[in-house]
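Some notes on the structure that comes next.
The values are calculated or read from the model by the stated rules, or taken from the named source; none is laboratory data. All values derive from a computational prediction rather than experimental measurement. In this analysis, Cβ positions are derived from the backbone assuming ideal geometry, glycine residues included, and neighbour counts consider all displayed protein chains.
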């Protein structure tokens, strides 16, 4: 039986995919659980329209992500933290703090996009990766200073 997935199903596919599954799997699990609907002609046409719309949206998002990556490339931010006299930090610098410093400069970067390899536990300058949407990656400079 052909079905159109409404929600992502881990072992089967993503929302909007058209799959050929056994009748029992479709009737007993996918359709009653709200994961899929039967693939009628009108439903297939609508699914194709949605797929085209999603592709256009993805192109627009890719353009925005590339623009952000271009603006972020070579950028640096300063993060002020509490530290003792020897330069050791009381708490390591987190992605949230770097994200806030970027927002202060006008860049909208979510904290989960900031990738810190080794924990930053001392004052100094560091290079941090920012993983943007669509697999784009940018390296920025982070300077950690004492408050």
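Quick look at the values:
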item	result
Residue ID - surrounded by the fewest Cβ atoms within 10 Å (Cβ to Cβ), chosen from residues in segment 113-138 that are part of a helix (DSSP H, G or I) and in contact with a helix residue (DSSP H, G or I) (Cβ under 7 Å, 6 or more places away or on another chain)	134
Any hit, segment 45-54, residues being in a loop (DSSP other than H, G, I, E, B), at negative phi and touching a strand residue (DSSP E or B) at 6+ places or on another chain (Cβ under 9 Å)	no
Top-ranked residue in segment 81-94 [being farther than 21 Å from residue 115 by Cα and surrounded by 12 or more Cβ atoms within 10 Å (Cβ to Cβ); ranked as modelled with the highest pLDDT]	83
Residues within segment 109-136 that are over 30 Å from residue 85 (Cβ atoms) and free of Cβ contacts under 8 Å to residues at least 24 places away in the same chain, tallied	7
Residue within segment 90-111 that is part of a strand (DSSP E or B) and touching a helix residue (DSSP H, G or I) at 6+ places or on another chain (Cβ under 9 Å) present	no
Test: residue 97 is farther than 30 Å from residue 5 by Cα, within 21 Å of the chain's Cα centre (by Cα) and either surrounded by fewer than 15 Cβ atoms within 10 Å (Cβ to Cβ) or modelled with pLDDT under 90 (or both)	no
Residues of segment 6-24 classified as outside any loop (DSSP other than H, G, I, E, B), closer than 19 Å to residue 45 by Cα and in contact with a helix residue (DSSP H, G or I) (Cβ under 8 Å, 6 or more places away or on another chain), total	1
Residues of segment 36-45 classified as surrounded by 13 or more Cβ atoms within 10 Å (Cβ to Cβ) and either more than 17 Å from residue 26 (Cβ to Cβ) or within 27 Å of the chain's Cα centre (by Cα) (or both), total	1
